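**Q** Sharing a structure below in structure tokens format, with a few things to ask.
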């Protein structure tokens, strides 16, 4: 099977690429190697994946550019879209960039698929679509009408786009609402990677607790050391 994999240089993307190659699939990767975190980490991911052998190559391009997407998406069986501007807090500062990349970028993929008659898509959504949901555990049937950040809103918009292109053009899509994914090579900006790094340096870990009071949301900040001491 031939897979077109966006975000192939990232943490999840590189792990998926290796798993696909291990089972005998060929992978056409697509990534813009942006500086959300050190691009050298992403390029190292690609090189480590290449060392495994198999049919794998990565095209450097930008989801925001329809021509880049069209040029990269060739004869494939399945599209896996893991590429996105990630992170809740940064999306508060750059909502236009997040919308342009995550929503417009997905539409470019869907349109390229429509033109080629491709019908199978796996898409990375996010648990952030649950927004202010307080019932746990979450359920796929829970209401998701109140995203709390531009990032969450883009991921909810993505799911609506997938439903629309399925209805109009028969594209079969599966949206995976990832929670925090962790493991070897995790993105350095994510909490678990930060915690491990702080513990290794014997530094305190910032701890945020939130609670509701009336209509407001309050944050209380404490520090906990990685090895049992309290600050």
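**Q** Taking segment 23-33 only, how many residues are under 15 Å from the mean Cα position of the chain (by Cα) and in contact (Cβ under 8 Å) with a residue 40 or more places away in the chain?
**A** 3
**Q** Do you know which of the residues in segment 30-43 that are part of a helix (DSSP H, G or I) and in contact with a helix residue (DSSP H, G or I) (Cβ under 9 Å, 6 or more places away or on another chain) is surrounded by the fewest Cβ atoms within 10 Å (Cβ to Cβ)?
**A** Going through the qualifying residues, I end up with 41.
**Q** Among the candidates 139, 149, which residue alone is surrounded by 12 or more Cβ atoms within 10 Å (Cβ to Cβ) and modelled with pLDDT under 95?
**A** On the way: 139 fails: surrounded by 12 or more Cβ atoms within 10 Å (Cβ to Cβ).
Going through 139, 149 in turn, the sole match is 149.
**Q** Determine, yes or no, whether residue 147 is assigned by TED's automatic domain parsing to the domain that holds residue 28, assigned to a loop (DSSP other than H, G, I, E, B), farther than 22 Å from residue 62 by Cα and in contact with a helix residue (DSSP H, G or I) (Cβ under 7 Å, 6 or more places away or on another chain).
**A** Values: assigned by TED's automatic domain parsing to the domain that holds residue 28: yes; assigned to a loop (DSSP other than H, G, I, E, B): yes; farther than 22 Å from residue 62 by Cα: yes; in contact with a helix residue (DSSP H, G or I) (Cβ under 7 Å, 6 or more places away or on another chain): yes.
Spelling it out, residue 147 is indeed assigned by TED's automatic domain parsing to the domain that holds residue 28, assigned to a loop (DSSP other than H, G, I, E, B), farther than 22 Å from residue 62 by Cα and in contact with a helix residue (DSSP H, G or I) (Cβ under 7 Å, 6 or more places away or on another chain).
**Q** Turning to a different aspect of this structure: Could you list, in sequence order, the residues of segment 6-28 that are in a strand (DSSP E or B) and in contact with a helix residue (DSSP H, G or I) (Cβ under 6 Å, 6 or more places away or on another chain)?
**A** Hit for segment 6-28 is 27, nothing else.
**Q** Assess whether residue 52 counts as being surrounded by fewer than 22 Cβ atoms within 10 Å (Cβ to Cβ), out of contact with any helix residue (DSSP H, G or I) (no Cβ under 6 Å at 6 or more places or on another chain) and touching a residue at least 12 places away in the same chain (Cβ under 8 Å). Give the derivation first.
**A** On the way: surrounded by fewer than 22 Cβ atoms within 10 Å (Cβ to Cβ): yes; out of contact with any helix residue (DSSP H, G or I) (no Cβ under 6 Å at 6 or more places or on another chain): no; touching a residue at least 12 places away in the same chain (Cβ under 8 Å): yes.
Criteria not met by residue 52.
**Q** Run down 107, 46, 58, 79 and say which single residue is within 20 Å of residue 176 (Cα to Cα), in contact (Cβ under 8 Å) with a residue 12 or more places away in the chain and touching a strand residue (DSSP E or B) at 6+ places or on another chain (Cβ under 9 Å).
**A** Criteria check complete, one pass: 79.
The values are calculated or read from the model by the stated rules, or taken from the named source; none is laboratory data. These numbers come from a predicted model, not from an experiment. We place every Cβ from the backbone using ideal geometry, glycine too, and count neighbours over all the protein chains shown.
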